[in-house]
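The values are calculated or read from the model by the stated rules, or taken from the named source; none is laboratory data. Since this is a predicted model, take the numbers as computed values, not measurements. Don't worry about glycine lacking a Cβ; one is built from the backbone with ideal geometry, like all the others, and counts go over all protein chains shown. We work out accessible area using only protein heavy atoms, side chains counted, and drop any ligands, DNA or RNA first. Shrake-Rupley method; radii C 1.70, N 1.55, O 1.52, S 1.80 Å.
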Amino acid sequence: MRPRRPWRTRRSPASVLVTVAAAVLLAVPPAGPAGAEPSDQPGGTSGVLDSEALDRLQRRAAEVQADLQQRETEVAAARRQLADAQADVDAARATVESAEGALAQDQEVVARYAAAVYRDGGALTALTVLLNGGDPADVVAALGYLEAVDDHTAAVVGAAEEQRRAALAQQATADAALAGARQQADELAAEVADLEAAADAVTAELDATLADVDRQLSDLQRQQVDVNTQTAANWRAYVDQLGGAGVVPPPAAEMLDPVQGLRAGLTPIAAAAGGAQRGAAQFPRAPTSLLVLPAETIAAVTAAMDALGRPYAPGTAGPDSWDCGSLVSTAYGAAGIDLPDDQAALFAVSTPVDPADVLPGDLVFLGTPESGLGHVGIALDSRTMLAADGRAGAVVVRRLPVEQVVHVGRPSLGPRPEEPAPGPTAGAPRVECGNAVHPPGFDGARSWGGYPNGLIPPSALCPIGVGGHSLRCDAAAAYRAMGEAYAAAFGQPVCITDSYRTYAGQVRLYGEKPALAAVPGTSNHGWGLAVDLCGGIDGFGTPQYAWMVANAGRFGWLHPTWADPGNGREEPWHWEYAGS
């Protein structure tokens, strides 16, 4: 319901004079905290992280990797063919050796027979049988035996020789097949070598381009720190102005009625649609009136200012990292106003005000027709907002995109009857805190900040305090906390071999271990959300591994199911951050 115009109420002549004065003041915007000009946000409209060169190189890297995968499949098939050909050659050689052995045995038998005849006084012929024979029947029998022996001997030796020749022909065929398989394998190996060289070249270009992006990001982050610092200083100066003017911010309950409820010395603020705004007032002074907000609003914005620069992380609620809903809920909760801790529930209960009337401390909800509600932050003025921003990866002061404002709510007015938040349409992904949330199984399911997998600028990561290892900032903080608990239990730090892995590193590892490593561009190491551990954790059943199973979850770390025993890829050393 629109508030009544104060000059239409019945009052005494003295109060009419006050009302007229207030009406004049309504036309003059009160002075609030001076805003700092926000810089373009990393991953936002600046285009730094959507660099055309980076996109082009990543596409080239993906194409090279796809060719490598196809060639790896062909190489594996060629290696199997080569192994089969080698087995055929080995079998053929064994057959030749067997045939030659059989022939040698048969020849040895014939040789012994000839030697025996020689020892018996000469060659055994039909004439010697006839001359040495007695009974004619014995002679005939002997001659028949002789013919049978000669026929058998000739058959045995001939068959052995034929088998040997067949085996030699089989070996020649197998040798030719082996030579062909070797040539094919060599040709494929040469192609793979060329592709690996291309992969090395494109990843080297990626590294160089990423270094340029990192320099730009570092510049933006320095600018963002300056904006954050200046904004916080301006807010403190505004609060000091109130104190210097002797204004004590009233509680929210006293500012619900801008006509009858304001304490002495304060006057209403005009609403864009006419009448006066609820939940705010002004302190008349020259040359510009001073904006007066409820005490709870001032306390909440002050608390939110203290979170500037902290990392953004989905599902976290401070103090080391925040998401957009938890930051709003915690800041207002500390001021005594209970609010939900996610953007949809905040939208559902926030009492609306006209976007043209937005004041510091109001909740600004952003979205698009396709994605529905996608973000919530705390307005600082009509141009800027403070938010835990998924694209920036931190709590920042950012531009307020007026064209994306779907709702403005004022917490000091209390809750409204719940209204559902607009959701995504036409299959668009849900957007949380300004960052798209893809369904499980999507290649970019773990993406954050708008960075490609393995192409996260170093300045967007945080060290874990061991060697040169780094992770996404919330994962790094959780790892350090887990490391302290582990060291207390075992008297030594967690042993770590791998953390964030660049795209180039993923390509190199895939080339070395294609059966074990993830396809480049899909590894959770490339999101800064996975570690490989050692020192006992790398073995199932050890006390160190058992400790991790029992305790890592308290810090948001888990052992993925696919890496458990019996699931095909057993990797006790691999652990992933799932958030708190």
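What about Asp257, is it more than 26 Å from Ala307 (Cα to Cα) and either out of contact with any helix residue (DSSP H, G or I) (no Cβ under 8 Å at 6 or more places or on another chain) or open to solvent by 60 Å² or more (accessible area, probe 1.4 Å) (or both)?
Working: more than 26 Å from Ala307 (Cα to Cα): yes; either out of contact with any helix residue (DSSP H, G or I) (no Cβ under 8 Å at 6 or more places or on another chain) or open to solvent by 60 Å² or more (accessible area, probe 1.4 Å) (or both): yes.
It is true that Asp257 is more than 26 Å from Ala307 (Cα to Cα) and either out of contact with any helix residue (DSSP H, G or I) (no Cβ under 8 Å at 6 or more places or on another chain) or open to solvent by 60 Å² or more (accessible area, probe 1.4 Å) (or both).
Does segment 232-246 contain any residue that is within 27 Å of Gly374 (Cβ to Cβ) and open to solvent by less than 50 Å² (accessible area, probe 1.4 Å)? Spell out how you get there, then give the answer.
First, pick out the residues of segment 232-246 that are within 27 Å of Gly374 (Cβ to Cβ): 232, 235.
Those still in the list that are open to solvent by less than 50 Å² (accessible area, probe 1.4 Å) too: 232, 235.
Yes, some residue in segment 232-246 is within 27 Å of Gly374 (Cβ to Cβ) and open to solvent by less than 50 Å² (accessible area, probe 1.4 Å).
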Search result, residues across segment 266-284 that are in contact (Cβ under 8 Å) with a residue 60 or more places away in the chain and not in a strand (DSSP E or B)
Pro268, Ile269, Ala271, Ala272, Ala273, Gly274, Gly275, Gln277, Arg278, Gly279, Ala280, Pro284
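Considering Arg222, Arg263, which residue is at pLDDT below 90, open to solvent by 60 Å² or more (accessible area, probe 1.4 Å) and assigned to a loop (DSSP other than H, G, I, E, B)?
Details: Arg222 fails: assigned to a loop (DSSP other than H, G, I, E, B).
It is Arg263.
Is it the case, given these coordinates, that Ala304 is open to solvent by less than 20 Å² (accessible area, probe 1.4 Å), touching a residue at least 60 places away in the same chain (Cβ under 8 Å) and either aromatic (Phe, Trp, Tyr) or part of a helix (DSSP H, G or I) (or both)? Break it down stepwise before answering.
On the way: open to solvent by less than 20 Å² (accessible area, probe 1.4 Å): yes; touching a residue at least 60 places away in the same chain (Cβ under 8 Å): yes; either aromatic (Phe, Trp, Tyr) or part of a helix (DSSP H, G or I) (or both): yes.
So Ala304 passes the test.
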Only one of Glu161, Glu187 is charged (D, E, K, R), part of a helix (DSSP H, G or I), touching a Leu at 6+ places or on another chain (Cβ under 8 Å) and at pLDDT 70 or above; which?
Glu161
Out of the residues in segment 478-519 that are open to solvent by 30 Å² or more (accessible area, probe 1.4 Å), closer than 18 Å to Leu529 by Cβ and assigned to a helix (DSSP H, G or I), state the one that is modelled with the lowest pLDDT.
Leu509
Among the listed residues Asp389, Asp362, Asp357, Asp381, which satisfies the condition of being in contact (Cβ under 8 Å) with a residue 40 or more places away in the chain, closer than 22 Å to Ala436 by Cα and of a type in the set (Asp, Glu)?
Asp389
Taking the residues in segment 527-558 that are without any contact (Cβ under 8 Å) to a residue 60 or more places away in the chain and within 16 Å of the chain's Cα centre (by Cα) as candidates, determine which candidate is surrounded by the most Cβ atoms within 10 Å (Cβ to Cβ).
Ala530
Can you name the condition, by its number, that Pro287 falls short on among (1) over 30 Å from Leu529 (Cα atoms); (2) open to solvent by less than 10 Å² (accessible area, probe 1.4 Å); (3) part of a loop (DSSP other than H, G, I, E, B); (4) not charged (D, E, K, R)?
(2)
Restricting the first residue to segment 401-426 and requiring it to be over 21 Å from Ala379 (Cα atoms), which pairs with a second residue that is of a type in the set (S, T, N, Q) and not in a strand (DSSP E or B) meet a Cβ separation below 8 Å and a spacing of at least six or different chains?
Pro424/Ser371
